[in-house]
Structures are given as structure tokens and as C-alpha cells.
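> Quick one: structure below, then a few questions.
The values are calculated or read from the model by the stated rules, or taken from the named source; none is laboratory data. Please read these numbers as outputs of a predicted model, since none were measured by experiment. Positions of Cβ are backbone-derived with ideal geometry, glycine not excepted, and every protein chain shown enters the neighbour counts. Just the protein is used for accessible areas: all its heavy atoms, side chains included, with ligands, DNA and RNA removed. Shrake-Rupley method; radii C 1.70, N 1.55, O 1.52, S 1.80 Å.
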Amino acid sequence: MSLRIKKGDTVKVITGSDKGQTGKVIAVDPKTNLVKVENLNMVSRHRKGRTAQEQSGIIKMEGNINISNVMLVCPSCEKATRIATIEVDGKNHRQCKHCGFDIDSKKAEKKETKKRSAKADEKTEKTSTSRVKRTRKSQKDSDSAEK
């Protein structure tokens, strides 16, 4: 059985002690249907130093979470969503049920980043033009003060 959540995905925990928190998937085990999520379900392990250089101590690490207790967060609409499977060019892709975004498409990710960078360019352009207007006003004020 193929899993709908892969390493590197952002997921939201829907049940358990970490309910409502989101994180990035570190590892997926398809045989046991378990996932490890970064900085969630932290467990303590007591470890004894095996050599003289190794220190003994309590180590905090991520514990496993059953895959049924997490939901994928769509990178486009940023909502926890169920996943539809669609066929694109003979390959199966994951699709968001809310917005229809193709999660596995590389082209869709590149377009999304281009849109974000274009918005950032617009913001910087607006701020730079307002700075130019301010400096022109300040120059006019200083010229009138000198006369």
C-alpha cells in the first residue's frame, strides 16, 4: 500500500497530545504506518555511554505517530486537507481536496515561488517609490529653508 504522506511534507496532528500542531515529516515507515514529525511527540531516552568519550544522559528525540493521526497541509492553501490521487502523464500525483492544487507537480511549485517573488518585488517597488517621494519633499524643504 502506498502512503499519501511522504518525507518532507508538512503535516498537522489531528489527535493525541500534540493535537493542532504542525511540523515537517522526518521519516515514514510504510510497513508499520508510522511517521516521525520534527519537534513533535518528543520522548526521552536514557542512554549509557559505551566508551570513555561517550557521555551518558537523557536524550530527547521525536517519537513515532500513527499515520492516521496526521493530515497533510496543502502548500498552496495552507489548510489540513484530505488527498485525492490523480493520474498525470502516466504517474500518480497527490491533489488537495480544498483547492485542487497538484502537490507532487514540480512545475506548480516553481510557479508558486515565482508568484511569491513577484509579490515581494511589487512590495519593494512600492516602498522604494515612496522613499523617493519623501526624499524629494525633504530636498524641497531644505532648499526653501536655505533661501
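> Return the total of residues in segment 5-29 being among the polar types (S, T, N, Q), without any contact (Cβ under 8 Å) to a residue 60 or more places away in the chain and surrounded by 14 or more Cβ atoms within 10 Å (Cβ to Cβ).
Step one: filter segment 5-29 for residues among the polar types (S, T, N, Q), giving 10, 15, 17, 21-22.
If we keep only those that are without any contact (Cβ under 8 Å) to a residue 60 or more places away in the chain as well, we get 15, 17, 21-22.
Pick out the ones that are also surrounded by 14 or more Cβ atoms within 10 Å (Cβ to Cβ) and you get 21-22.
Of the residues in that region, 2 qualify.
> Taking the criterion of being touching a residue at least 40 places away in the same chain (Cβ under 8 Å), open to solvent by less than 50 Å² (accessible area, probe 1.4 Å), in a strand (DSSP E or B) and of a type outside the set (A, V, I, L, M, F, W, C), would at least one residue in segment 73-95 satisfy it?
Scanning segment 73-95 turns up at least one residue that is touching a residue at least 40 places away in the same chain (Cβ under 8 Å), open to solvent by less than 50 Å² (accessible area, probe 1.4 Å), in a strand (DSSP E or B) and of a type outside the set (A, V, I, L, M, F, W, C).
> Then there's this: Identify all residues within segment 12-28 that are assigned to a strand (DSSP E or B) and out of contact with any helix residue (DSSP H, G or I) (no Cβ under 9 Å at 6 or more places or on another chain); write none if there are none.
K12, T22, G23, K24, V25, I26, A27
> With the condition kept exactly as written, say whether any residue in segment 99-107 is farther than 30 Å from K12 by Cα, open to solvent by less than 80 Å² (accessible area, probe 1.4 Å), at pLDDT below 90 and not basic (K, R).
No, there is no match, as no residue in segment 99-107 is farther than 30 Å from K12 by Cα, open to solvent by less than 80 Å² (accessible area, probe 1.4 Å), at pLDDT below 90 and not basic (K, R).
> Among residues belonging to segment 30-61 that are in contact with a Ser or Thr (Cβ under 8 Å, 6 or more places away or on another chain) and part of a loop (DSSP other than H, G, I, E, B), point out the one that is most open to solvent (accessible area, probe 1.4 Å).
Per the stated criteria, the residue is K48.
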